[in-house]
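The values are calculated or read from the model by the stated rules, or taken from the named source; none is laboratory data. Just so it is clear, the structure is predicted and the values come from calculations on it, not from any experiment. In this analysis, Cβ positions are derived from the backbone assuming ideal geometry, glycine residues included, and neighbour counts consider all displayed protein chains.
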Ligand code: C2E
Ligand code: MG
Ligand code: MG
């Protein structure tokens with residue numbers, strides 16, 4: 001081979017290499033362009049290398065080896081071609097491989113990007129549909145920060161139509177505007193601070209706020225959460241709901257008859273006052289506890305309608321009085337008059353200077369209440385007894401203050417009514433005693449500390465024992481025997497009298513059965529048991545008594561239930577049905593302590609009674625006071641007319657006995673015949689065939 005051919009080959013090889021390099025580079029630059037060119041070139045080069053080798057091999061041509069082509073220019077061209085071919089084929093394959101992988105990856109990336117962007121746009125559509133269709137107002141706010149990075153305001157970024165309507169502003173008037181200036185109706189300043197706290201604390205905010213729309217207030221429930229450097233707030237108009245709640249709250253906290261705050265609201269406000277007095281050492285308040293004097297009598301004599309009107313008039317006067325006080329004094333303005341129930345009222349005097357303020361108010365109230373109330377053509381005069389408690393830091397609960405004010409009111413009543421009394425230390429110790437008595441009383445029933453004693457009842461005509469009255473005793477482990485007067489009232493207040501009263505009836509009936517069985521003539525004996533008003537109003541009284549009688553195996557006739565006159569007054573009409581049922585069962589009914597209450601004699605006609613027990617206070621003076629003797633005579637005549645037997649209580653002397661016998665009393669009971677006796681002593685009395693010698 002000569003040199004020009006060699007040069008031609010060399011030039012061709014260089015051109016081919018150059019073209020291939022360009023192809024490779026552009027192939028990499030355009031990864032998607034798949035090309036087999038490097039491989040083809042590689043194969044061509046291999047072919048070329050082979051050709052050169054064949055051309056220059058003498059064995060093949062039958063002559064001496066001519067290294068012309070193979071070694072032209074000092075190169076082994078066939079080797080160069082082989083190497084170049086291998087290089088091209090290798091890089092061609094690698095490129096194809098890389099391109100395939102890369103394309104796959106790019107495709108995956110592209111499809112992921114496409115689906116993400118699809119999802120994004122569908123989420124955006126969904127979000128915008130939710131925002132648009134939301135029945136709540138939606139608002140997105142962005143923090144506006146000053147150079148120091150402090151949030152100075154919030155800019156409205158997005159509002160939906162509902163928000164426009166609720167706020168009474170158009171989108172244009174809201175978007176891009178700062179919040180504080182834009183929403184004065186929702187007290188913008190407060191809202192800004194709430195929004196700020198959501199941004200800073202990242203805690204959600206929920207509250208109900210009032211928004212003033214010109215002449216009317218609307219209530220919005222607002223809920224806000226942090227979003228980026230701002231908040232997303234949703235709000236709904238809850239005015240209707242709020243109004244219903246307000247009405248319900250008002251109904252729950254106000255008395256239906258008088259419209260005054262009731263016990264529940266009063267207690268709530270009192271608790272607030274207690275908390276305030278703990279925080280502010282100079283803050284003083286007072287509670288006035290009012291009870292209308294003789295309200296029962298007014299109710300009974302003039303009727304419930306007049307009674308109700310009187311209560312309304314009293315609460316109106318209390319309200320007017322406190323209103324005028326606000327302007328006349330320098331006291332706080334949170335005074336609250338309330339009706340606690342029945343004829344009981346209370347007044348909270350907020351921020352008094354000292355006890356003199358409370359006394360002044362009590363005097364004014366008493367003066368104003370005592371002026372006649374014109375009701376249904378009557379001039380009704382009513383006075384009130386007032387108990388006063390001044391806050392002194394020792395109170396922790398509203399009921400403690402009311403309890404003490406009630407106690408002071410009770411003292412005002414006791415000292416002559418139409419008075420006011422300030423709760424003091426002496427009363428405090430009374431209350432403390434009462435509390436400890438309450439505790440002891442509750443456990444006394446469990447520990448079986450109650451028992452019965454029996455006082456004989458004598459026939460004044462025959463001087464024989466006709467029966468016993470069962471009287472309750474409390475065998476106190478430290479104080480010894482405690483009389484009913486000391487604990488009955490409290491037992492009634494605590495509702496303990498009902499179970500206790502049942503035990504009394506059961507024990508007395510069993511005791512009677514025993515005596516009736518064991519003693520000759522005992523079958524005629526009766527057992528009188530005192531029964532309280534609370535027991536009488538128990539729905540299951542009749543079946544309970546029926547059971548107790550049959551359980552003991554006595555005749556209903558031998559049980560006498562004694563009801564105190566004071567318990568009957570005011571409730572006679574209510575009691576008639578239950579008394580009728582008891583009488584129909586055969587149980588005898590006695591009016592106890594007759595002559596102590598204010599009952600009119602005609603009121604006896606209305607009640608189904610068998611026995612009248614004239615009170616000891618009348619019997620005591622039957623000898624010394626002529627009018628007492630006349631009263632007893634009238635009572636006996638009345639009882640005879642009503643077909644009732646008469647028992648004279650508390651006979652202590654023979655003179656009294658003689659008088660009462662003359663006045664035709666049927667039976668007598670008193671220390672003259674016998675003290676209340678322990679069961680064994682009463683049994684001994686029965687065994688001795690007791691007969692009292694009555695002087696003629
Ligand atoms: P009461 O039913 O009028 O009972 C008569 C009270 O007068 C008894 O007082 C009796 O001890 C007392 N007494 C009787 N004769 C004389 C006397 O000649 N002179 C004096 N100074 N007192 C005499 P007691 O036992 O203290 O009972 C007081 C009241 O307690 C009873 O008055 C009754 O109302 C009530 N009570 C007693 N036991 C019970 C009971 O089991 N249940 C209820 N609900 N009340 C009861
Ligand atoms: Mg009695
Ligand atoms: Mg009595």
Are any of the residues in the range 275-284 at pLDDT 95 or above and not in a helix (DSSP H, G or I)?
no
Whether any residue in the range 453-461 is out of contact with any helix residue (DSSP H, G or I) (no Cβ under 6 Å at 6 or more places or on another chain), more than 16 Å from ligand 3 (Cβ to nearest atom) and modelled with pLDDT under 95 is what I want to check.
yes
State the number of residues belonging to the range 375-406 that are buried (at least 18 other Cβ atoms within 10 Å of the Cβ), touching a helix residue (DSSP H, G or I) at 6+ places or on another chain (Cβ under 7 Å) and under 27 Å from residue 304 (Cα atoms).
6
Do you know which residues across the range 630-644 are over 54 Å from the mean Cα position of the chain (by Cα) and surrounded by fewer than 19 Cβ atoms within 10 Å (Cβ to Cβ)?
630, 631, 633, 634, 637, 638, 640, 641, 643
Within the range 421-450, tally of residues that are surrounded by 10 or more Cβ atoms within 10 Å (Cβ to Cβ), over 30 Å from the mean Cα position of the chain (by Cα) and not in a helix (DSSP H, G or I)
6
Considering only the range 504-525, state which residues are outside any helix (DSSP H, G or I) and within 23 Å of residue 591 (Cα to Cα).
525
How about the range 542-629: which helices (runs of 4 or more DSSP H) wholly inside it have at least 2 residues that are within 45 Å of the chain's Cα centre (by Cα) and either away from ligand 2 (no atom under 16 Å from the Cβ) or modelled with pLDDT of 95 or more (or both)?
572-585
Has the range 526-535 got any residue that is closer than 22 Å to residue 578 by Cβ, away from ligand 3 (no atom under 16 Å from the Cβ) and part of a helix (DSSP H, G or I)?
yes
So how many residues does the range 641-687 have that are assigned to a helix (DSSP H, G or I) and in contact (Cβ under 8 Å) with a residue 12 or more places away in the chain?
14
All conditions in (1) modelled with pLDDT of 95 or more; (2) within 20 Å of residue 369 (Cβ to Cβ) are true of residue 467 except (2)
Selection from the range 612-629 of residues that are in contact with a strand residue (DSSP E or B) (Cβ under 9 Å, 6 or more places away or on another chain) and either under 17 Å from residue 662 (Cβ atoms) or within 12 Å of ligand 1 (Cβ to nearest atom) (or both):
613, 614, 615, 616, 617, 618, 619, 622
Here the residues within the range 515-533 that are within 30 Å of residue 492 (Cβ to Cβ) and either away from ligand 2 (no atom under 16 Å from the Cβ) or surrounded by fewer than 15 Cβ atoms within 10 Å (Cβ to Cβ) (or both) are 515, 525
Answer from 650, 670 - the residue that is more than 51 Å from the chain's Cα centre (by Cα), within 16 Å of ligand 1 (Cβ to nearest atom) and under 25 Å from residue 516 (Cβ atoms):
670
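Matching residues to (1) modelled with pLDDT of 90 or more; (2) over 25 Å from residue 271 (Cα atoms); (3) not assigned by TED's automatic domain parsing to the domain that holds residue 271:
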{"residue": "305", "(1), (2), (3)": "yes, yes, no"}
{"residue": "316", "(1), (2), (3)": "yes, no, no"}
{"residue": "321", "(1), (2), (3)": "no, no, no"}
{"residue": "330", "(1), (2), (3)": "no, no, no"}
{"residue": "369", "(1), (2), (3)": "yes, yes, no"}
{"residue": "376", "(1), (2), (3)": "no, yes, no"}
Among the residues of the range 113-122, is any surrounded by 10 or more Cβ atoms within 10 Å (Cβ to Cβ), modelled with pLDDT of 90 or more and touching a strand residue (DSSP E or B) at 6+ places or on another chain (Cβ under 7 Å)?
no
Could you figure out which of (1) crowded, with 21+ Cβ neighbours inside 10 Å; (2) within 16 Å of ligand 3 (Cβ to nearest atom) isn't true of residue 657?
(2)
For residues that are more than 15 Å from ligand 3 (Cβ to nearest atom), on the phi > 0 side of the Ramachandran plot and in contact (Cβ under 8 Å) with a residue 40 or more places away in the chain, tally how many sit in the range 560-599.
1
Looking at this structure, is residue 499 away from ligand 3 (no atom under 16 Å from the Cβ), over 18 Å from residue 470 (Cβ atoms) and assigned by TED's automatic domain parsing to the domain that holds residue 469?
no
With respect to the numbered conditions (1) more than 29 Å from residue 431 (Cβ to Cβ); (2) surrounded by fewer than 17 Cβ atoms within 10 Å (Cβ to Cβ), which one is the sole condition not fulfilled by residue 364?
(1)
The residue from 475, 470, 491 that alone is surrounded by 14 or more Cβ atoms within 10 Å (Cβ to Cβ), in the same structural domain as residue 674 (by TED's automatic domain parsing) and within 16 Å of ligand 3 (Cβ to nearest atom) is 470
Out of curiosity, is residue 382 outside the structural domain of residue 511 (by TED's automatic domain parsing) and in a loop (DSSP other than H, G, I, E, B)?
yes
